[in-house]
Amino acid sequence: MPLALLALTIGAFGIGMTEFAVMGLLPDVAAGFGVSIPLAGYATTLYALGVVVGAPLTTALGTRMTRKQMLMLLMGLFVVGNLLTAVAPVFAVMLAGRIVSSFAHGAFFGIGSLVAADLVAPQKRAGALSMMFAGLTVANVVGVPFGTLLAQQINWRATFVAIAFLGVLGFLGVAKLIPAQPVKAASPMGQEIAAFRNPQVGLAMLMTVLGFGGVFAAVTYLASMMTEVAGFAPSSVVWLTAVFGLGMVGGNLISGRFTDRHMMPMLYVSLVGLALSLAAFSVAAHDKAAATVTIALIGAFGFATVPPLQKRIMDQAAAAPTLASVGNIAAFNFGNALASWLGGIVITAGLGLTAPNWVGVGMTVLALGVAVAAGVLERRSDRGGTGGRSGQKAQSAQRDRSGLADGPKGRSGLGVQSGRIVASGPGGGGDSAETVVPADVRA
């Protein structure tokens with residue numbers, strides 16, 4: 001894998017820590033500001049909603065910047081937001097800081113996904129995506145437990161100061177390792193929006209909202225569930241979040257390995273496993289050993305959904321992937337916000353601290369239904385288009401004989417169009433370029 005991926009991994013680590021650290025800090029934040037646990041959960045809900053709003057907004061504002069410049073700007077915004085969270089005198093200001101930092105999240109992962117995909121060959125793109133998202137998963141193994149420990153030893157504010165420092169490292173990593181790019185004209189917004197007319201793009205985003213959202217229904221209230229239901233000491237939350245993170249790392253790596261070859265089967269298996277794990281957690285949460293194992297399974301199956309969900313949206317919107325890719329990251333976080341909000345509602349309704357797990361089950365089952373429906377529609381479309389594809393092959397063969405063959409899509413290659421040879425750059429990343437070569441230079 002290219003060294004430049006390390007820069008994206010560093011940024012993802014910091015973002016992952018600020019996103020997930022709250023699940024271990026929620027009781028401390030609630031006590032520090034004198035608010036209830038469900039109200040403190042808005043630190044998660046509003047962060048996720050900030051990603052939903054901020055992802056397309058920051059992407060639109062940065063259309064005249066290179067991807068490298070945009071990533072550096074986003075890391076700067078991330079640092080400012082986390083420092084504001086750390087020094088907040090009242091709960092409202094703390095929430096404002098969370099929203100500011102969230103504005104960096106969606107665009108960073110959306111644009112970073114495109115950069116990661118462009119750094120490798122087309123058949124290795126899912127692996128590159130999983131490498132970048134590994135920063136987010138490792139944050140749960142190392143960063144979140146460290147943040148929880150820091151909060152217990154000093155206070156929760158110290159955790160966000162440490163996260164801001166990680167943002168500085170991410171900024172420097174992007175500046176040093178990501179290749180420089182020329183400023184290029186942005187894709188027409190109409191072309192980017194047109195990608196959403198493909199029904200499969202909408203279905204893919206709905207899978208994202210429901211599928212990964214199911215994870216957050218449970219983990220937002222993990223600390224309270226483990227201390228008040230399972231009977232763990234508050235200090236145990238440190239290593240319990242590490243267990244969750246280890247599950248995420250394993251699920252991400254396994255999924256990244258198989259997604260390039262078996263994307264939809266990988267997604268089906270992940271969603272079924274996640275639904276079963278969340279259902280089991282409602283019972284397992286009452287036993288320390290069972291709860292520990294189930295937490296790891298939720299992390300593994302939950303994050304195994306990420307590479308196929310992100311790759312599918314990029315595949316379905318390949319002609320104009322930037323807004324769709326960023327939009328899918330927003331969809332992840334809209335699902336997170338929806339799940340944590342619904343989890344707070346069922347707790348407030350008196351259904352108990354384990355009730356959010358069933359919210360997660362319901363969302364995941366719905367996601368599985370959407371995935372199956374999308375797969376069926378795709379197969380029907382393929383069968384219905386068989387004749388059309390045969391005709392296209394015949395036309396392509398005729399163009400080959402007449403010297404009008406198109407270059408291969410999605411990878412570097414040469415094609416002849418109207419008496420000239422065109423070299424096409426790597427597809428899927430929006431940076432394809434044409435180089436006109438004299439027509440007598442032919443393979």
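Each part gets one Cα centre, and for the stretch 336-370 versus the stretch 42-83 those centres are 27 Å apart.
Computed 3J(HN,Hα) for the stretch 232-244, one whole-Hz value per residue from the Karplus formula 6.51 cos²θ - 1.76 cosθ + 1.60 where θ = phi - 60°, is 6, 6, x, 5, 6, 4, 4, 7, 5, 5, 5, 4, 4, glycine and proline marked x. Qualifying trypsin sites (Lys or Arg not before Pro) in the stretch 34-93, where qualification requires a DSSP coil assignment and no more than 14 other C-beta atoms within 10 Å, comprise Arg64.
Working note: Karplus 6.51/-1.76/1.60 with θ = phi - 60° gives the stretch 145-156 the couplings x, 5, x, 5, 5, 4, 5, 6, 7, 10, 6, 5 Hz, where Gly and Pro are set to x. Coupling constants for the stretch 199-208 follow from the phi torsions by the Karplus curve (6.51 cos²θ - 1.76 cosθ + 1.60, θ = phi - 60°), and in residue order they are x, 5, 5, x, 5, 4, 5, 5, 4, 5 Hz; glycine and proline get x.
Since every read-out is calculated from the coordinates, none of them should be taken as a lab result. As the structure is a prediction and not an experimental result, all values here were calculated from the model. Every residue, glycine as well, gets a Cβ built from its backbone with ideal geometry; the counts of neighbours run over all protein chains shown.
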